[in-house]
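The values are calculated or read from the model by the stated rules, or taken from the named source; none is laboratory data. On a predicted model such as this, the values are computed, not experimentally measured, just so you know. No Cβ is skipped: glycine too gets one built from the backbone with ideal geometry, and neighbour counts run over all protein chains shown. The accessibility values were calculated without ligands, DNA or RNA, using every heavy atom of the protein model including side chains. Shrake-Rupley method; radii C 1.70, N 1.55, O 1.52, S 1.80 Å.
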Amino acid sequence: LSSVDVAAEVPERSMPLLRIGQRATITLAAYPTLRFEGRVERLRDQLDPSTRTVKAIIHVPNPERALRPGMFANVTLDAPAEAALQT
């Protein structure tokens, strides 16, 4: 558990902003003062038709082993620079 993969469900409308290597910040209700940093490692090929989301797999270093499989997390993805210029 020194590193974990977090699966984030990203809404279909946000897919144009999603990139491999994109930075992500993960927070947990169990540890509200801790923040974990990771990067999008891969994107699932298929969109979930019932939720209209695609899974982004985020690789996160977990040296204190606070992240555990099955936990719910809040994920914030950094928007790419070109998206910021378009708004």
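The table that follows gives values for the structure above.
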quantity: 1.4 Å probe accessible area per residue over the chain, in Å²; calculated: 69
quantity: Derived scalar couplings ³J(HN,Hα) [the stretch 58-71; Karplus, 6.51 cos²θ - 1.76 cosθ + 1.60; whole Hz; x for Gly, Pro]; calculated: 10, 8, 10, x, 9, x, 8, 6, 7, 6, 10, x, x, 6
quantity: Residues whose placed amide H lies under 5 Å from that of Gln22, excluding near-sequence neighbours; calculated: Val40
quantity: Per DSSP, loop trypsin sites (Lys or Arg not before Pro) in the stretch 14-62 with at most 16 further Cβ within 10 Å; calculated: Arg35, Arg44, Arg52
quantity: Pairwise label distance in nanometres, Ala7 with Arg44, each label 7 Å out on the Cα-Cβ vector; calculated: 0.5
quantity: Protein accessible area in the stretch 1-61, 1.4 Å probe - carbon and sulfur %; calculated: 51
quantity: Per-residue ³J(HN,Hα) for the stretch 33-40, Karplus 6.51 cos²θ - 1.76 cosθ + 1.60, θ = phi - 60°, Hz, x for Gly and Pro; calculated: 8, 8, 10, 10, 10, x, 9, 5
